[in-house]
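Asker: What follows is a single structure, and I will ask about it in a moment.
Just so it is clear, none of the values below were taken in a lab; they were calculated from the coordinates. Values in this document were obtained by computation on a predicted structure and should not be read as measured data. With ideal geometry, Cβ positions are generated from the backbone for all residues, glycine too; neighbour counts draw on all protein chains shown.
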Amino acid sequence: MRVSIHAITGHMSAVKTCKAMAKGIAKCGDEVVIRSVTDTNVSSFDAVVLWGFIEPCQQIIRNCQNLGIPWVFIDLGYFRREKGYYKVTVNDRHPDKYLMALPHPKKRFEKLGLTIKPWRINPSGSILIAGMSGKAAWSWGLQPEEYERAVIQELQTRYPDFPIIYRPKPTWSGASLIPGTKFDKFQPLKHLWSRLWCVVSHHSNVCCEALIEGIPVFCQYGAASVLGPHDLTKIRSPEYPDNREQWAANLAYCQWSLTEMEEGVVWSYLKEVGLIRV
């Protein structure tokens, strides 16, 4: 198998993860070529690995889709990012299409030292809107805060009795107060959980954290959408699925460390479960 790896020059996480994947793929006996994201022609390759969703990456992905070539997407991990875990998904930016297809053992998730807490049912709690950055909005074809303002307006119309907290992505400086909400950008999430009824988001990783904490979610895209579909007509009666343990166990196999990438563990796994094949 011949694999093209595209690293964004100057992006530290992109460079180190792509280099680690290249080393691991070579260990598995496959040919690797590290290329710039501006080299979008992938017709002579059997698979592609990349970080990011800037325009050249989007063109590479479109080329892969047109040619039927599998593409591996790398980004920050779902759990324990601070410990150096990175998301690795195939043929999409999130694994929701195949996440629950194959049950995985719980041991990998348990090693993260996280505990799935009982469901919290707090009728007097607030709705948390977990927002995205302007850059993330652009990558989904949206204007900054377009999703957040639209969903807040819908919630205010449907449920005027529910208090709403708007929490934009903390690293985004362009966020602004949305009328009728409490703006809460920097308070640690651990101080918010006890005050919430549910979390609503386009795709924020906050939803994954909320599910672990026992907070129901309404998520439009991403791993959390598997357990919390984005149906805002059901805010008063959210889902409390009983398979969070299996969901978390499976999701732990969608994120990996640099060492696991370098040793070929990631590439071997992707081939073993059939996510990468020619």
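Asker: For segment 4-152, what log10 I(q)/I(0) values come out of the Debye formula at q = 0.15 1/Å, with one point per alpha carbon and no solvent?
Answerer: Debye curve over Cα of segment 4-152, log10 I(q)/I(0) at q = 0.15 Å⁻¹: -0.97.
Asker: For each pair in K87/K271; K83/K190; K83/K106; K87/K169; K19/K107; K106/K185, compute the distance between the two Cα atoms and list the pairs where it is over 23 Å. Before the final figure, lay out each step's value.
Answerer: Values: K87/K271 17 Å; K83/K190 18 Å; K83/K106 19 Å; K87/K169 18 Å; K19/K107 27 Å; K106/K185 33 Å.
Violating the 23 Å Cα-Cα cut-off are K19/K107; K106/K185.
Asker: How much length is gained if the chain between T9 and D39 is pulled fully straight, taking 0.36 nm per residue apart and subtracting their Cα-Cα distance, in nm to one decimal?
Answerer: On the way: separation 30, 0.36 × 30 = 10.80 nm, distance 1.23 nm.
Gain on extension, T9 to D39, equals 9.6 nm.
Asker: Picking from G77, G134, G29, which is most flexible by a Gaussian network model of the chain using Cα springs under 10 Å?
Answerer: Between G77, G134, G29, it is G29 that shows the largest mean-square fluctuation.
Asker: Of all beta bridges DSSP finds with both residues in the chain, what is the antiparallel percent, to the nearest 5?
Answerer: Numbers: 8 of 37 bridges.
Looking only at bridges with both residues in the chain, the antiparallel portion is about 20 percent.
Asker: For a quick check, take a GNM of the chain with Cα springs below 10 Å and name the residue from I116, I165, I215 with the largest mean-square fluctuation.
Answerer: Residue with maximal mean-square fluctuation among I116, I165, I215: I116.
Asker: While we're looking at this one, here's another question. In the chain, what cysteines have no partner Cβ closer than 4.7 Å?
Answerer: C18, C28, C57, C64, C198, C208, C254
Asker: Long-range amide H contacts for F218: which residues qualify at under 5 Å (H placed 1.01 Å from N, peptide plane, sequence gap of 5 or more or a different chain)?
Answerer: Here the answer is V199, V200, S201, since their amide H atoms fall under 5 Å of that of F218.
Asker: Right, here's the next one. Fewest to most neighbouring Cβ within 10 Å: what's the order for V3, V200? Kindly include the intermediate steps, with their values, before the conclusion.
Answerer: Working: V3 25, V200 28.
Ascending Cβ contact count within 10 Å gives the list V3, V200.
Asker: Just the Kirkwood number for the chain, please: inverse of mean 1/r across all distinct Cα pairs, in Å, one decimal. Spell out each step's value before the answer.
Answerer: Numbers: mean 1/r = 0.0507 Å⁻¹.
About 19.7 Å for the chain.
Asker: Once you have a ≥ b ≥ c as the square roots of the Cα gyration tensor eigenvalues for segment 116-166, tell me rounded if a/c is under 1.5, and otherwise prolate or oblate according to whether a/b is larger than b/c. Intermediate results must be reported in sequence, preceding the final value.
Answerer: Details: a/c = 3.54, a/b = 1.55, b/c = 2.28.
The shape class here is oblate.
Asker: Calculate how many DSSP beta bridges within segment 1-100 are antiparallel, expressed in % of all such bridges and rounded to the nearest 5.
Answerer: Working: 5 of 19 bridges.
Of the beta bridges lying entirely in segment 1-100, close to 25 percent run antiparallel.
Asker: Still on this structure, please answer the following. Given only helices, namely DSSP H runs of n ≥ 4 each adding -39500 (n - 2.57), what is the per-residue ellipticity at 222 nm of the chain, to the nearest 500 deg cm²/dmol? Provide the component values of the computation, followed by the final result.
Answerer: Values: 9 runs with 81 residues, N = 278.
That comes out to -8000 deg cm²/dmol.
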